[in-house]
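Read through the structure below, which is laid out as structure tokens, and then see the notes.
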Amino acid sequence: MKHLKKFLCALGLALLTTLQARAADAGSRLELRNERLTLALGQAERGGVVSLQPKGGTELIATQKSPLLFTLTLSRREATPGERFTLTSRDAAQFTANRQDDPTGQRATLHYGGFGNWPIQVTCTASVTASDPLVRWRIAVQLPDNLVLETVRFPIITLRAPLSKESVDDALVLGSTKGGIVRRPSSQKNGTVYSIGQPGNMAAQFACYYAAQTGFFTAALDANGYPKNLSATRVVPGLEFSWQQPGFAAGTVTQDYDIALTTFAGTAGAPADWRDAADLYKAWALMQPWCATTYDRRNDLPAWLREGPAMVRFGRDWLADPARIERWMDEFYRKQFPGVPLITAFWGWEKHANWVTPDYFPVFPSDEEFTQLVTRLRNKGAHAFPWPSGYHWTLTYRKQGDDRFEWDDRTRFASIARPHAVQTRAGQLYLRTPSWLAGGDTTCLCGGDPWTHR
């Protein structure tokens, strides 16, 4: 009986705490707090993020008329996929929000329904704990039988740009394979997009935006490598961050990992820096099974690769004169950067012209000259990387007029590879006319087709 009374008292206290939290936030917004920040979700804004403040700091969220929390891109479930359409958190006629508090932290749960004539149900959660600097987000979508979910954008966070009134020297970093610091993204024109994707150029699943003493961090804490994209877009109010989960799913679709965000500052009074954000991601990454052995301690990689080599890219005009590349290596690189390993990437080594694929051989300028160049560079300490062209198949190159081209591979493609090529939603062959093909077209083989792999 004594234990039962204790249980009932604890249950009553928990219910009272939840009711008090609901009452306190019922007016305009729902707040979550941890040791580092306060996050507020707007009631009238259907759960949109209306405030993010570091402890003792200033507001980071941009002023917006009606912020979004998520968008859903859907299509009708048909034999041929129907046209896509988008619903947003603002489109929900039914919306409820509540917060649950316990000694370990807080959890906000948002329910959405009433999306026009579509019986779609969406549940979003955001949670914080006292011992964790992160806000952790999840989303689940329940669909009727006649719809397919193709993309989820969630959560959508729009920050001030720049973050700090005291400094316009803001910077953006995304975990990209061809990364680097984007200086002053706030000065870019509206519509400018910076993005990374997995599979693709996403080397690390995080990004940050910072200025002066203040920074914003977001990451996907996904140990399984689900397909995803992260974009930072310059918009009128500021800089919009959003994670996108692509797919083609029906029924109940759930996000199987946390999307995290938090704020950060520089160490020991120093200005905020992207390395402070990277340390947050590193703390999680080092705990994952795929990071049991860090890169610098792997014994299956050569020492020069573990040292962190530089890379230089030589185009087709350089390959036309291999001796010129050797002179650059001797007269510039080895003198300016002695002892630093170098990867020499070759762009345009394909037989006919840049990206004219897959009729590659003999390579440009010839197999003999190319082999000799690679051998000589290797003797000078460089490592050759012929930049690959992926699954692309060039159909035509350099338009001559009246459906005539300098090079035409359509007949061979039709007889060999057409059944394995990517199709559009309408069932037509995917075509692209990039500038480097001078009016010609390219298509792409399906990366999921075993024939393509072979």
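The values are calculated or read from the model by the stated rules, or taken from the named source; none is laboratory data. None of the values given here were measured: they were computed from a predicted structure. Don't worry about glycine lacking a Cβ; one is built from the backbone with ideal geometry, like all the others, and counts go over all protein chains shown.
Evaluate the range 231-249: report whether one residue or more is in a helix (DSSP H, G or I) and either within 21 Å of residue 123 (Cβ to Cβ) or of a type in the set (Ser, Thr, Tyr) (or both). Within the range 231-249 (the criterion being in a helix (DSSP H, G or I) and either within 21 Å of residue 123 (Cβ to Cβ) or of a type in the set (Ser, Thr, Tyr) (or both)), the answer is no, since none of the residues qualifies.
Residues are listed down the side, and each one gets a yes or a no for (1) of a type outside the set (S, T, N, Q); (2) at positive phi; (3) under 20 Å from the mean Cα position of the chain (by Cα):
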position	(1), (2), (3)
110	yes, no, no
129	no, no, no
136	yes, no, yes
150	yes, no, yes
156	yes, no, yes
165	yes, no, no
178	yes, no, yes
199	yes, no, yes
209	yes, no, yes
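Would you pick out the residues in the range 265-274 that are part of a loop (DSSP other than H, G, I, E, B) and either touching a helix residue (DSSP H, G or I) at 6+ places or on another chain (Cβ under 9 Å) or without any contact (Cβ under 8 Å) to a residue 24 or more places away in the chain (or both)? Listed by number, the residues that qualify are 265, 266, 270, 273. Of the residues making up the range 352-373, those that are hydrophobic (A, V, I, L, M, F, W, C) and surrounded by 16 or more Cβ atoms within 10 Å (Cβ to Cβ) are 353, 355, 356, 363, 364, 370, 373.
Residues checked against (1) modelled with pLDDT of 95 or more; (2) closer than 17 Å to residue 328 by Cα:
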residue	(1), (2)
344	yes, yes
352	no, no
355	no, no
366	yes, no
373	yes, yes
382	yes, yes
387	no, no
393	yes, no
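Step by step: first the residues of the range 396-454, then only those that are in contact with a helix residue (DSSP H, G or I) (Cβ under 7 Å, 6 or more places away or on another chain) and in a helix (DSSP H, G or I), then the one that is nearest to residue 78 (Cα to Cα). Which residue is that?
Step one: filter the range 396-454 for residues in contact with a helix residue (DSSP H, G or I) (Cβ under 7 Å, 6 or more places away or on another chain), giving 396-397, 420, 445-446, 449, 451-452.
Filter once more, so that each one left must be in a helix (DSSP H, G or I): 420, 451-452.
Working: 420: 22, 451: 27, 452: 27 Å.
Ranking the candidates gives 420 first.
Residues that are buried (at least 20 other Cβ atoms within 10 Å of the Cβ) and touching a residue at least 60 places away in the same chain (Cβ under 8 Å) within the range 172-191 comprise 172, 173, 175, listed in sequence order.
Residue pairs whose Cβ atoms lie under 7 Å apart, separated by 6 or more positions or on different chains, with the first residue in the range 121-132 and surrounded by 21 or more Cβ atoms within 10 Å (Cβ to Cβ) and the second outside any strand (DSSP E or B) and of a type in the set (Gly, Ala, Ser), are 124/47.
Quickly run through the range 100-120 and pick out the residues that are closer than 21 Å to residue 249 by Cα and surrounded by 22 or more Cβ atoms within 10 Å (Cβ to Cβ). 112 - this is the single residue of the range 100-120 that is closer than 21 Å to residue 249 by Cα and surrounded by 22 or more Cβ atoms within 10 Å (Cβ to Cβ).
Checking each residue in the range 137-183 for being in a strand (DSSP E or B) and of a type in the set (Val, Ile, Thr) picks out 139, 141, 148, 151, 152, 156, 157, 158, 173, 182.
Identify the residue in the range 67-90 that is touching a Gly at 6+ places or on another chain (Cβ under 7 Å) and not aliphatic (A, V, I, L, M) and, among all such residues, is surrounded by the fewest Cβ atoms within 10 Å (Cβ to Cβ).
Residue satisfying both the conditions and the ranking: 80.
So for the range 110-122 (the condition being hydrophobic (A, V, I, L, M, F, W, C), in the same structural domain as residue 44 (by TED's automatic domain parsing) and not in a strand (DSSP E or B)), does at least one residue qualify? Reasoning before the result, please.
Residues of the range 110-122 hydrophobic (A, V, I, L, M, F, W, C): 110, 115, 118, 120, 122.
If we keep only those that are in the same structural domain as residue 44 (by TED's automatic domain parsing) too, we end up with 110, 115, 118, 120, 122.
Cutting the leftovers down to not in a strand (DSSP E or B) gives us 120.
Within the range 110-122, one or more residues are hydrophobic (A, V, I, L, M, F, W, C), in the same structural domain as residue 44 (by TED's automatic domain parsing) and not in a strand (DSSP E or B).
Only residues that are within 29 Å of residue 308 (Cα to Cα) and within 34 Å of the chain's Cα centre (by Cα) were counted in the range 347-393, giving 16. Scanning the range 275-324 for residues that are assigned to a helix (DSSP H, G or I) and of a type in the set (Ser, Thr, Tyr) gives 281, 295.
Of 203, 278, all but one fail to be crowded, with 17+ Cβ neighbours inside 10 Å and farther than 30 Å from residue 65 by Cα; the exception is 278. Whether any residue in the range 239-250 is crowded, with 19+ Cβ neighbours inside 10 Å, modelled with pLDDT under 95 and either over 15 Å from residue 202 (Cα atoms) or outside the structural domain of residue 155 (by TED's automatic domain parsing) (or both) is what I want to check. No, every residue in the range 239-250 fails to be crowded, with 19+ Cβ neighbours inside 10 Å, modelled with pLDDT under 95 and either over 15 Å from residue 202 (Cα atoms) or outside the structural domain of residue 155 (by TED's automatic domain parsing) (or both).
Taking the listed residues 315, 269, 308, the one that is within 29 Å of the chain's Cα centre (by Cα) and at pLDDT below 95 is 308, with no other qualifying.
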